[in-house]
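Take this structure, written in structure tokens, and hold onto it; I'll ask about it next.
The values are calculated or read from the model by the stated rules, or taken from the named source; none is laboratory data. Predicted, not measured: the structure shown is a model, and the values here were computed from it. Here the Cβ is made from the backbone with ideal geometry for all residues, glycine too, and neighbour counts use every protein chain on show. Please note that ligands, DNA and RNA were not included when accessible areas were found on the heavy atoms of the full protein model with its side chains. Shrake-Rupley method; radii C 1.70, N 1.55, O 1.52, S 1.80 Å.
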Amino acid sequence: QMWEEAIALGKELAEQYENEMFDYEQLSELLRKQAQFYENIVKVIRPKPDYFAVGYYGQGFPTFIRNKVFIYRGKEYERREDFEARLLTQFPNAEKMKTTSPPGDDIKNSSGQYIQCFTVKPKLDLPSKFHRPVSEQIVSFYRVNEVQRFEYSRPVRKGEKNPDNEFANMWIERTIYVTAYKLPGILRWFEVKSVFMVEISPLENAIETMQLTNDKINNMVQQHLNDPNLPINPLSMLLNGIVDPAVMGGFANYEKAFFTEKYMHEHPEDHDKIEKLKDLIAWQIPFLAEGIRIHGEKVTEALRPFHERMEACFRQLKDKVEKQYGVRAVLSSLDDRRGSRPRSMVRSFTMPSSSRPLSVASVSSISSDSTPSRPGSDGFVLEPLLPKKMHSRSQDKLDKDDLDKDKKEKKKEKRNSKHQEIFDKEFKSTDISLQQSEAVILSETISPLRPQRPKSQVINVISSERRFSVSPSPPSSQVTPPPITPRTKLSFSIQSNLELNGMSISDIPDVPPPLPLKGSMADYGNLMESQDLISPTTSPPPHQRVSP
């Protein structure tokens, strides 16, 4: 499930497939896998393994682990007791140490085997590309992977013991372990190369604890926003432990320990840290409000009294904190991560009323009817109501847009009708001119074996009157061009008007071919009379002579 590592390797392969091998089939398959990996990172919840520090002390161990400390990565959902049992099976004669402090030389130089095991916390080391806040689902991978620094905190009391408030003198002794390589690697365990220790004051510990608590609330709220099907029990326990002062005491213990005149007088250098702690306490209220809102939406009827009590405790806590430390409001941190709410709706609430655009899309995304809904029901962040005039003005703008659209459509239709009239006129004029020359075009295309007529003769035939006639008729009658018909099968037939292959006598050149010798000229009398009207210009070439 280390999809981040698979994506990095996939990018190297994609470079080879695309620019070196030009194997686009493999490239497409690889990109589909990468898309699935990205989806898994966002949607699939991966278990977080624990890390354990193991020290092998005594001369009875092999030299490569003798008196050394290693960091082990446990299996999924593996507890420390199970890990210790698995570890002691490899060394059945070893003795388990009861303390977590480093042993003395007497144990290190003894001939026996002593194993020290305790849980350590990995220290987050985010890559440099995450220069802005990102989703917890993305960051959670780096909390337990690609880690090289681990810490173990042990409480130490200094000074007088205060029975009323244990936080006043509780110091933290924190040991930092740095491994040779990042975990997990080629192995599930690596040797610790350096160890150093730091001490944390009670006030710094309080600041750190408040920061972790706020982050935990925020992360759980985000998980429920992204996945509404998550169980509600962890959220109930977390919220109740913070809101109900009878359970944990809350941050009232910090107020008693650090927000007093005595502490301020004794530690004037901690003024900035105290202000930071107050700020963290104030910021906890909006996170709790969003968590209680989600809890109220998902709570069952059996847990309704529990939820009502939690709401009552939260109202008291909110009034107290806002009165002492001010009001904090989350404007964009949670809303940017919330995928269910349209961004147009978020902008319509977060922008000032003077510069807020009256967009139709933002109004329609808020409510489908004419009555705007209250945004406060969707989250604690969006408190102000939508102005009532916003919808009416936007509706007027919508009606105006419809009128403008109708006017544009009418202008478009009128313009198209004018263009159509002009086109029809032009088309008809060209159609008439085409009909006048159809006879010549047909005569050329029907007889493809016949050589083309000279252009001068073509012009003369088109422009001159058709004076040839094979049937007795008045001289004033004109021969109209035949209609355009599909080409039929070529056939030779002698008819009264002497049509040959669909051509009339008018389409024959000026000088007709000589007639064959006959004994009687009665059959061609009419043709010979019309032949006197012809003024031959050129004699036809030999290959144009056609026999009847």
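Could you tell me the center-to-center distance, by alpha carbons, between region 32-61 and region 154-183 in angstrom?
27
Can you give me the pair-distance distribution of region 65-206, C-alpha pairs, 5 Å bins, whole percents?
Here the calculated profile for region 65-206 is 2, 8, 14, 17, 17, 17, 12, 8, 5, 1, 0.
Another question, if that's okay. Cα-based Rg (one decimal) and Dmax (whole number) for region 32-119, in Å?
When restricted to Cα atoms, region 32-119 yields Rg and Dmax of 17.9, 60 Å.
Calculate the FRET efficiency for Glu173 and His265 from the Cβ-Cβ distance with a Förster distance of 45 Å, rounded to the nearest 0.05. Mind showing how you got there, number by number?
Details: r = 27 Å, r/R0 = 0.60.
Efficiency for this residue pair is about 0.95.
Here's something else I'd like to know. With a 1.4 Å probe and all protein chains left in place, how much of the accessible area of region 3-43 comes from carbon and sulfur atoms, in whole percent?
The C+S portion of the solvent-accessible surface of region 3-43 is 53 percent.
Beyond 16 Å, how much of the Cα-Cα pair distribution for region 134-177 remains, as a whole percent?
Roughly 59 percent, rounded to a whole number.
Please quote Rg/Rh for region 3-43 to two decimal places, taking the Kirkwood radius as Rh and restricting both calculations to Cα atoms.
Here the Rg-to-Rh quotient is 1.02.
Could you report the accessible area of Arg157 in Å², rounded to 10, computed with a 1.4 Å probe on the protein chains as they sit in the structure?
Probe radius 1.4 Å; accessible area of Arg157 about 120 Å².
Test of understanding: express the Cα radius of gyration of region 207-325 as a ratio to 2.2 N^0.38 Å, with N the residue count.
On the way: Rg = 15.8 Å, N = 119, 2.2 N^0.38 = 13.5 Å.
Dividing the Cα radius of gyration by 2.2 N^0.38 Å gives 1.17.
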